[in-house]
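Readers should treat all values here as calculations from the given coordinates under stated rules, not as data from a laboratory. This one's a predicted model, so the numbers in the text were calculated from it and none came from an experiment. Quick reminder, even Gly has a Cβ in these numbers, built from the backbone with ideal geometry, and neighbours come from all protein chains shown.
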Amino acid sequence: MQPFSYLPYSIFRSICLLTDTHIHLDLQEYAADLSLVLERSQLAGVNRWVVPAIGSAYWSALPMLHQQYPAIYYALGLHPWFLSQEKESVIAELDEYLKSKPAGLVAIGECGLDGAVDVPMSLQIEMLEKQLALASRYQLPVILHCRKAFNELLRVVKQFDLPRGGVWHAFSGSRQQAEQFIELNFMLGIGGVITYERAEKTRKAVAKLPIDSLLLETDGPTMPLAGHQGERNEPAYLPEVLQELALLRHTSVMELSQKIAINAEKMFRISVSS
Ligand SMILES: [Zn+2]
């Protein structure tokens with residue numbers, strides 16, 4: 001199904017500057033056709049991207065990706081799934097990168113806690129705390145991964161002074177859970193999950209949450225939208241998330257897209273007009 005079949009893309013593009021705030025464009029899945037992926041994305045009105053690193057092996061390539069495609073911004077961090085592969089010195093290495101303020105760096109992440117993987121929770125917490133301390137020191141927002149660990153994640157995050165807050169990415173919680181993070185200056189990354197009718201709790205939550213706390217993301221190459229199961233996810237599908245969100249909130253796509261574009265600019269300090 002084509003989104004906005006009632007609205008020519010040329011018009012949509014001229015009004016809309018969407019940011020896919022969580023898209024793993026640096027992974028192998030996009031290596032063969034990245035420029036085409038970006039082109040399709042731009043044609044769909046999505047012309048900026050935030051790529052969160054999943055581990056230290058990816059850090060050195062991201063500044064180069066930004067150089068090649070200036071509208072690709074990135075975050076450096078350690079995903080909880082892959083912590084066992086990292087060296088002792090990895091936090092010192094991250095510190096060095098942050099100190100050098102590389103162009104295009106907009107956040108720390110993705111980091112967080114996952115209660116459903118075989119990585120010791122003590123290690124996950126330790127590495128999250130170290131990354132949050134860096135976010136605090138360098139005044140950067142954090143991009144958080146949270147699965148089956150909400151209470152623990154909230155407890156850890158609350159211990160840090162995070163002047164720029166961050167994003168609870170791939171939000172799939174309740175309204176009450178979202179509000180606890182909003183209080184800490186966080187936004188919610190809304191993705192394909194809301195396109196599934198069975199995600200009732202999350203659909204209800206995003207219908208009511210304050211507009212200025214919402215961001216859009218695809219989390220490609222995984223997390224396919226309803227109707228795209230089995231396909232590689234990509235940023236060109238982001239308008240379908242936007243459209244679903246507009247339906248749930250009984251608002252217009254245009255109004256919503258403009259407000260959400262401003263949220264992305266605020267969170268990551270990337271210019272709407274660039
Ligand atoms: Zn991710």
Packing-based order for 221-231, 177-187, using average beta carbon neighbours within 10 Å, highest first: 177-187, 221-231
Partner aspartates and glutamates for K158 [C-alpha distance under 20 Å; skip if fewer than 8 residues away on the same chain]: E110, D114, E126, E129, E179, E183
Relative contact order %, the chain, counting alpha carbon pairs below 8 Å whose residues are six or more apart: 20
Check: the stretch 160-221 dipole with +1 on Lys, Arg Cβ and -1 on Asp, Glu Cβ, in debye: 240
Sorted by Cβ neighbour density within 10 Å, fewest at the top, the residues H169, H79: H79, H169
Candidate lysines - alpha carbon under 20 Å from K99, same-chain residues fewer than 8 apart omitted: K87, K130
Formal net charge of residues neighbouring L140 (Cβ-Cβ distance under 15 Å; K, R +1; D, E -1): +3
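Let me check I've understood the local charge: for D95, count other residues with C-beta under 15 angstrom from its C-beta, Lys and Arg +1, Asp and Glu -1. What total comes out? Could the numbers behind the result be given before it?
Details: positive: K87, K99, K101, K130, R137; negative: E86, E88, E93, E96, E129.
Neighbourhood net charge equals 0.
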Whole-percent pair-distance distribution, where bins are 10 Å wide, for the alpha carbons of the chain: 7, 32, 38, 20, 3, 0
Cα Rg over Rh - the stretch 99-147, Kirkwood: 1.03
